[in-house]
Amino acid sequence: MKQYRSTLEKGARLTIPSEIRDHFDSEETIYMLGIDKKIVLMNENEFRDVERRFMEIPYSLEERRAMERLFYSNLFCTRVGKGKIVLPPYLRRRLDGRAVVFSYKKYGMEIVSSDI
């Protein structure tokens, strides 16, 4: 895991660090998920992997349905444009204008406020 610092620009744009930008294809949908005080970014493959994991749990279990509600109700889809993503207001509020980007190899990246 590696840490990068980034700032939230005018218009709620966040620059994806160049070292990890290749992880997200510019034509691909990026899935943003707000959990706790962080934002998780996943590419298409990572997102589909999480969905497959849900399918492995019997739907009859309340825990699966609760996890799916949390997951999908906090989901936002976007694309990378010129190395930047636009954060919707409800996710932008999790940051203080400054962001620390933690890079993950297996499940995308995590973005947290620099206050944490």
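Observations on the structure shown:
- In region 70-84, the count of residues that are of a type in the set (S, T, N, Q), more than 13 Å from the chain's Cα centre (by Cα), surrounded by fewer than 12 Cβ atoms within 10 Å (Cβ to Cβ) and closer than 15 Å to residue 103 by Cα is zero.
- For region 70-105, the tally of residues that are assigned to a loop (DSSP other than H, G, I, E, B), in contact with a Leu (Cβ under 6 Å, 6 or more places away or on another chain) and more than 23 Å from residue 3 (Cβ to Cβ) stands at 1.
- Among the candidates 51, 62, the residue that is exposed (fewer than 11 other Cβ atoms within 10 Å of the Cβ) and over 22 Å from residue 20 (Cβ atoms) is uniquely 62.
- The residue pairs whose first member lies in region 6-31 and is of a type in the set (A, V, I, L, M), whose second member is at pLDDT below 80 and surrounded by fewer than 14 Cβ atoms within 10 Å (Cβ to Cβ), and whose beta carbons are closer than 6 Å, counting only pairs six or more residues apart or on different chains, are 8/97.
- Exclusive hit being touching a strand residue (DSSP E or B) at 6+ places or on another chain (Cβ under 7 Å), of a type in the set (D, E, K, R) and either touching a residue at least 12 places away in the same chain (Cβ under 8 Å) or at negative phi (or both), set 94, 65, 52: 94
The values are calculated or read from the model by the stated rules, or taken from the named source; none is laboratory data. Quick caveat: nothing in here was measured; it's all calculated off a predicted structure. Counting neighbours? That spans all protein chains shown, and the Cβs are built from the backbone with ideal geometry, glycine included.
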